[in-house]
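*Asks:* My structure is below; once you've seen it, I'll send some questions.
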Amino acid sequence: MEKKVNGKTIYEGKVVTLTVDQILTDEGNEGLREVVHHRGGCCIALQDPDDGKYFCVRQYRYAQGTEMLEFCAGKIEEGEDPAVTVCRESEEELGYTVKDLKSYGYIVPTCGYSSEKIYLYSGIKGERVGTHFDADEEISEEKYSLQELAEMVTKGELVDAKTIALLWHLRRSDV
């Protein structure tokens, strides 16, 4: 275990806060830990019952410098329940309400320096309500079977960690 002795906020932004903390280990050793604090996010594999395929979104991800294919996802707002977040994101990005919401717990995408947790869900396409993207979002919708998505992972065409983790859960429950 490590105990925080002192800390300093280096940056506080809209999405993340960065701190540098002095720590003390159980053995009495001192160290520094840089931590990116994040409220967390949610990801949903929304299935279309008409064809059995899952909705994905393709969007440019600035930090990676490329377009990424992923399941619909978004940030948890202050005090928001993850189940509410994921349903809100489905409506915003895919334009559908969610039926039969199922939780798969959460993943920790980068445990070495970030507090972020991403909650994983699946659901069935509900009522069409229409998309409403953020002003700086450009998102296109695509649909794939679980097999097609798994093949894309194998080929290195689908590299988003939250999508891969959720795909793993879906394929396990599909067996």
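*Asks:* Here are the criteria: (1) among the small types (Gly, Ala, Ser); (2) within 18 Å of residue 170 (Cα to Cα); (3) at pLDDT below 95. Tell me which single one residue 63 does not satisfy.
*Replies:* All conditions are met except number (2).
*Asks:* Have a look at 144, 104, 119 and point out the one that is touching a Leu at 6+ places or on another chain (Cβ under 7 Å) and either surrounded by 16 or more Cβ atoms within 10 Å (Cβ to Cβ) or without any contact (Cβ under 8 Å) to a residue 24 or more places away in the chain (or both).
*Replies:* Of 144, 104, 119, the one residue that is touching a Leu at 6+ places or on another chain (Cβ under 7 Å) and either surrounded by 16 or more Cβ atoms within 10 Å (Cβ to Cβ) or without any contact (Cβ under 8 Å) to a residue 24 or more places away in the chain (or both) is 104.
*Asks:* With (1) modelled with pLDDT of 95 or more; (2) assigned to a loop (DSSP other than H, G, I, E, B); (3) more than 25 Å from residue 156 (Cα to Cα) as the list, and residue 52 as the residue in question, which single condition is left unmet?
*Replies:* All conditions are met except number (3).
*Asks:* Separate question: If I go through the range 151-175 residue by residue, how many of them are surrounded by fewer than 17 Cβ atoms within 10 Å (Cβ to Cβ) and in contact with a helix residue (DSSP H, G or I) (Cβ under 7 Å, 6 or more places away or on another chain)?
*Replies:* Summing the residues that are surrounded by fewer than 17 Cβ atoms within 10 Å (Cβ to Cβ) and in contact with a helix residue (DSSP H, G or I) (Cβ under 7 Å, 6 or more places away or on another chain) in the range 151-175 gives 3.
*Asks:* In addition: Scan the range 63-84 for residues that are over 29 Å from residue 156 (Cβ atoms) and part of a loop (DSSP other than H, G, I, E, B) and jot them down.
*Replies:* Selection gives 76, 77, 78, 79, 80, 81.
*Asks:* Can you tell me which residues in the range 119-157 are aliphatic (A, V, I, L, M), over 17 Å from residue 69 (Cβ atoms) and not in a strand (DSSP E or B)?
*Replies:* Once the filter is applied, which keeps residues that are aliphatic (A, V, I, L, M), over 17 Å from residue 69 (Cβ atoms) and not in a strand (DSSP E or B), the range 119-157 yields 129, 135.
*Asks:* Can you tell me which of 43, 87 is outside any strand (DSSP E or B) and buried (at least 16 other Cβ atoms within 10 Å of the Cβ)?
*Replies:* Within the list 43, 87, the selection yields 87.
*Asks:* Right, another one. Any residue that is surrounded by 18 or more Cβ atoms within 10 Å (Cβ to Cβ), in contact with a Leu (Cβ under 9 Å, 6 or more places away or on another chain) and of a type in the set (A, V, I, L, M) - is there at least one of those in the range 123-140?
*Replies:* Taking every residue of the range 123-140 in turn, none turns out to be surrounded by 18 or more Cβ atoms within 10 Å (Cβ to Cβ), in contact with a Leu (Cβ under 9 Å, 6 or more places away or on another chain) and of a type in the set (A, V, I, L, M).
*Asks:* Hey, among 11, 60, which residue is among the hydroxyl-bearing types (Ser, Thr, Tyr), within 22 Å of the chain's Cα centre (by Cα) and part of a strand (DSSP E or B)?
*Replies:* Step by step, each of 11, 60 is checked, and only 60 is among the hydroxyl-bearing types (Ser, Thr, Tyr), within 22 Å of the chain's Cα centre (by Cα) and part of a strand (DSSP E or B).
The values are calculated or read from the model by the stated rules, or taken from the named source; none is laboratory data. If you're wondering where the values come from, they're calculated on a predicted model, not measured in any experiment. Backbone-built Cβ (ideal geometry, glycine too); neighbour counts: all protein chains shown.
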